[in-house]
Structures are given as structure tokens and as C-alpha cells.
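Encoded as C-alpha cells, the structure appears first; notes follow it.
The values are calculated or read from the model by the stated rules, or taken from the named source; none is laboratory data. Just so it is clear, the model here is predicted, and its values are computed rather than measured. As a convention, Cβ positions derive from the backbone with ideal geometry for all residues, glycine included, and neighbour counts pool all protein chains shown. Note: areas computed on protein heavy atoms with side chains; ligands, DNA, RNA excluded. Shrake-Rupley method; radii C 1.70, N 1.55, O 1.52, S 1.80 Å.
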Amino acid sequence: MFINGEWKQGKTSYELKSPFSGEVVAHIPFSAKEDVLEAIEAAKQAKVKMKELTILERSQILGRVADLFEEQLEECALILTQENAKPLIAARGEILRTIETYRFAAEEAKQLTGEMIPMDAAKGGKGKLGFTKREPLGVIGAITPFNFPFNLVAHKLGPAFAAGNTVVLKPASQTPLSALKTAEIFESAGLPAGALNVVIGRGGEVGDLLVTHPDIKLITFTGSLEVGLDIKAKSGLKKTTLELGSNSAVIIDDAEDIQAIADRCVEGAFTYSGQVCISVQRIYIKKDLYEVFSQAMLKTLEGWTIGNPAEETTNISALIQEKEAVRAEEWIREAVQAGADIIFGGKRHGSIVEPTILVNSPAHVSINCNEAFAPLVVIHTYEQFEEAISNVNDSQYGLQAGVYTTSLEKAFQAIDQIEVGGVIINDIPSFRVDQMPYGGVKNSGMGREGIKYAMEEMTELKLAVFNL
């Protein structure tokens, strides 16, 4: 644990094991109730120090954090291979994005402004001067998942500190090492003691304390729909930003280079074994393109390697827990029993699931309706573009969708009619850069990430009026 600038051991601990090898990686302290309360109090007391920092000082701290991550990139990437079995090439990619996220935060710290209000536009406003300013909320409770434990933490901490808040961070219990490494880097970068506190434990214990404590002014959460609904029910009037589930779809209506699209769909479906919020899970392709597209996907997958995440050539490794691999295997079996066909993969090896492509899967089975978070993708064919849009919208989720088309008219039709937070034209729904607004509709959540947009969520608007 890291509380009020000090490293602490808990009264109890647990063994953190590698999802790939099962070997013990570290012994991690559990945070007791008193630890969480101490962390919240430390963050509350540090509010004054954070608010007193100039914008330049906050920006410089975030810039130094980015520099330190750059210096320690390989060490951080290896932490990912150990604690969440992310293949090394993908792990390095996450750290590069983490660096970029903190650099964006350093820049956005300087852009947090209010606006002038034309008071005399109203009859009673003559002789009045009005303006707004944005002020930090205070203490932010951040609850983060296992799949991008450096970069998704950066999407909580970067905007929070850029806006002058303090944070109590609860990382996923499967990936605490990345959060503790992040705390170490912030300490080295000169963040005031108490501004960042890291507590570790089960969501039902540690998380509930954060969600219900009156001194926590906002909960920012990335994770499952079920937990998100629980947070919303318990948080009362507390502000919440929830990035929840997805079963992202891509429509392929027309294409100049079908092999390039197949390459991107393979990447979107199977990178980090599909454990990505905007992983490609459903593909809707025009019927006359299906044969050439499916063969192109199979050709790409022939070059993919399953194995040890710490090896340079590995593309696919273990899921975060073997029970998730068992669930994915059950989903495959369910789809096949309902009439689906497997055209690639389909087998489980312990906690590893082969990249799996299914076709002819009925709409009601889990792979179509729920979030897989595993290397599973299903291909459907269609004849009319409107049919494809309707199928994409036939989901409880709405995070992002991709549409490949050479028609500008169809591109704008998709943007207008697809019910998601982001429509990506001529690319997969898995596309994300870290300064863009990111979030969904329906059961995919509420609020937006992306540094500028998260800072708006993490501040409150104050009005000042002068009587001249």
C-alpha cells in the first residue's frame, strides 16, 4: 500500500500469481478498513497542497512522470507480462500510450479555463461582469481494471492531478504491481504526499468504502456492467464516471483492400486475447465479400504465435484467470450447439484459449449478446446496409463501432444511426488515441474519458459576478 507518501504493509496479504505460469510473482498486502479510511483522510488533507500548486507546477509534475515512464519503459512492460500475461509487444505499446497520456495531461493542465458571460444580454444584467472558473472537486476515488493497468490508471490520475484533485486509487487485485510502480514514479516526480494513495483489496470491501464515503466527491470506474450498476446504486448524489461493458461490432460494406481490413480485424479481435473493452467481437460483412474476407483472416492468423508473454514473438497468451478461459470455452460450446460453425481455433489449453472465429451463430447466444473478454469473434453476413446497422444496434451495449465503406453517404448514415459513443469510419472499433473523448451509451456506461473531457467531469463550475 502507499498512503500519505509512505509505503505500508498490511496485516494480511495474498499471493499474486502469474496467469501464464501459475508461479508466485509477489506477496501483496490487503488494505483493511482502517487503511482505506487513512488513505481518504490523507487525500482530504492534501487537497490544500494540490490546490495551491500553480498550473505550471502540476504540469511539470505530470511531465516528469512521463519522463520517468520513458526511462523505465522496459521494466514496466515486464511487470505487465508478469501480472496480467500481456504479450511483451503489446505491453510495450501500453507503456508508450501511458507516457503519451501523461504528456496530454501535462498539456491540458494549462488549458483548464472558464468563460466570460455576457451579463448584459439580460435586462437585469447591465453594469455586471460575469465569468466562470473550473475548480477541483477534491478527493477522487479511482477503481481500475486488470487489462490496461498502467494506461487506464493514467486516464484517472492524469486528469485528476491536472485539475488539482487528490486521488485514492484501488487497482484490480490481479494487477497491483503496476499501480504501486505508478505511485513510486509519482513520488519520484515530486507529487505532494497524500495526493496519491493506493489501497488494495476486494471491490466489495475496499471499493464499497470509496463509493459510500462522504469525502469522496467522484468515483471514476472502469469495469463490468454488474459492478457499475452496484456503484451507481450505492453512490447516491456522488458524481460517477462509468466505463462499462461492450461487444463491439464492425460493418464491412465495401473495401479497396480486403486483406488489410482482415489484418485489422484479427488485430482488433485477438490482441491481448480479446481482453480489451473495444475488442472486435461481432463482424457484419456484405454477403459477396464473406469468402475472400474469411480466407484473408485465416491467412493472417497462421502467422500468430501462442505462448509465453515474456517472449518477443508471442501474440496470444493466457487469460487473466483460468475460470475466464473455461467460461469462453462454454460460450464456444453453446454457440456450436445452437448451430454455429468454428472456422478457426475453438480449443482451450488451461488458461489459454485459441483465437476463435465462429460463423452462423444465432443472435441469442452469449457470444452475440454479452461481452466476451476473450479471443472470440463471430462473423455474420448481410445484404442491405440498413440490416447491418440494425444488427449492430441490437445490443445492450454501445461503446464504439467500426464501419468500412467507400460511400460517404453510408458513412454519415452510420454515424447518425448507430447507437454508440464513437463511430470509427474505415477502421475497427478498437481504435483509440488517448486525447479523444471515449465512452459509451446504453449499458456501456456514462461520462467520458480522454484527458480534456475527464477534467470536465473532475471539476465543478464556479460563477463570479462583478457589479461595476
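Are any of the residues in the stretch 259-280 under 30 Å from Gly138 (Cα atoms), modelled with pLDDT of 95 or more and outside any strand (DSSP E or B)?
Checked the stretch 259-280: at least one residue is under 30 Å from Gly138 (Cα atoms), modelled with pLDDT of 95 or more and outside any strand (DSSP E or B).
So, in the stretch 174-203, exactly how many residues are open to solvent by 10 Å² or more (accessible area, probe 1.4 Å) and in a loop (DSSP other than H, G, I, E, B)?
Here the count works out to 6.
Across the stretch 282-311, which residue is nearest to Thr405 (Cα to Cα) among those that are of a type outside the set (A, V, I, L, M), assigned to a loop (DSSP other than H, G, I, E, B) and modelled with pLDDT of 95 or more?
Trp304
Take the conditions closer than 30 Å to Glu456 by Cβ and crowded, with 19+ Cβ neighbours inside 10 Å and apply them to Ile261. Does it pass?
So Ile261 fails the test.
Is it the case that Thr98 is under 29 Å from Asn197 (Cβ atoms) and within 16 Å of the chain's Cα centre (by Cα)?
Here the answer is yes, as Thr98 does meet what is asked.
Results for (1) within 30 Å of Ser59 (Cβ to Cβ); (2) modelled with pLDDT under 95; (3) within 26 Å of the chain's Cα centre (by Cα), shown as yes or no for each residue.
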position: Glu371; (1), (2), (3): no, no, yes
position: Pro429; (1), (2), (3): no, no, yes
position: Met458; (1), (2), (3): yes, no, yes
position: Phe466; (1), (2), (3): yes, no, no
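So which of Glu256, Glu243, Glu311 is surrounded by 20 or more Cβ atoms within 10 Å (Cβ to Cβ) and among the charged types (D, E, K, R)?
Glu243
I'm trying to understand the selection: among the residues of the stretch 283-298, which are within 12 Å of Ile357 (Cβ to Cβ) and among the charged types (D, E, K, R)?
none
List the pairs whose first member sits in the stretch 227-245 and is more than 13 Å from Arg448 (Cα to Cα), whose second member is in a loop (DSSP other than H, G, I, E, B) and modelled with pLDDT of 95 or more, and whose Cβ atoms are under 6 Å apart, counting only residues at least 6 apart or on separate chains?
The qualifying pairs are Gly228/Leu244; Gly245/Glu371.
Would you mind telling me which numbered condition in (1) touching a residue at least 40 places away in the same chain (Cβ under 8 Å); (2) closer than 25 Å to Ser390 by Cα Ile258 fails?
Going through (1) touching a residue at least 40 places away in the same chain (Cβ under 8 Å); (2) closer than 25 Å to Ser390 by Cα one by one, Ile258 breaks only (1).
I'd like the full set of residues that are closer than 20 Å to Gly228 by Cα and either modelled with pLDDT of 95 or more or among the hydrophobic types (A, V, I, L, M, F, W, C) (or both), limited to the stretch 161-207.
Val167, Val168, Leu169, Lys170, Pro171, Ala172, Ser173, Gln174, Thr175, Val199, Ile200, Val206 - these are the residues of the stretch 161-207 that are closer than 20 Å to Gly228 by Cα and either modelled with pLDDT of 95 or more or among the hydrophobic types (A, V, I, L, M, F, W, C) (or both).
Out of the residues in the stretch 314-370 that are more than 18 Å from Arg282 (Cβ to Cβ) and among the β-branched types (Val, Ile, Thr), which is most open to solvent (accessible area, probe 1.4 Å)?
Looking at residues that are more than 18 Å from Arg282 (Cβ to Cβ) and among the β-branched types (Val, Ile, Thr), I get Val326.
Restricting attention to the stretch 447-468, which residues are outside any helix (DSSP H, G or I) and either open to solvent by 60 Å² or more (accessible area, probe 1.4 Å) or of a type in the set (Phe, Trp, Tyr) (or both)?
Of everything in the stretch 447-468, those that are outside any helix (DSSP H, G or I) and either open to solvent by 60 Å² or more (accessible area, probe 1.4 Å) or of a type in the set (Phe, Trp, Tyr) (or both) turn out to be Arg448, Glu460, Leu461, Lys462, Leu463, Val465, Phe466, Asn467, Leu468.
In the stretch 246-258, how many are at pLDDT 95 or above and either small (Gly, Ala, Ser) or part of a helix (DSSP H, G or I) (or both)?
Residues in the stretch 246-258 being at pLDDT 95 or above and either small (Gly, Ala, Ser) or part of a helix (DSSP H, G or I) (or both): 4 in total.
Take Gly158 and tell me if it is open to solvent by less than 10 Å² (accessible area, probe 1.4 Å) and over 20 Å from Tyr102 (Cβ atoms).
Judged against the criteria, Gly158 is not a match.
Name the single residue, out of those in the stretch 101-134 being outside any strand (DSSP E or B) and hydroxyl-bearing (Ser, Thr, Tyr), that is surrounded by the most Cβ atoms within 10 Å (Cβ to Cβ).
Checked the stretch 101-134; the qualifying residue surrounded by the most Cβ atoms within 10 Å (Cβ to Cβ) is Tyr102.
For Ser395, only one of the following conditions fails: (1) under 29 Å from Pro19 (Cα atoms); (2) of a type in the set (Ser, Thr, Tyr); (3) touching a strand residue (DSSP E or B) at 6+ places or on another chain (Cβ under 9 Å); (4) open to solvent by 10 Å² or more (accessible area, probe 1.4 Å). What is its number?
Status for Ser395: all satisfied but (1).
Between Ser31, Ser18, Ser13, Ser59, which is among the polar types (S, T, N, Q) and closer than 15 Å to Gly141 by Cβ?
Ser31
Looking only at the stretch 345-368, count how many residues are charged (D, E, K, R) and in contact (Cβ under 8 Å) with a residue 60 or more places away in the chain.
Residues flagged as charged (D, E, K, R) and in contact (Cβ under 8 Å) with a residue 60 or more places away in the chain within the stretch 345-368 amount to 0.
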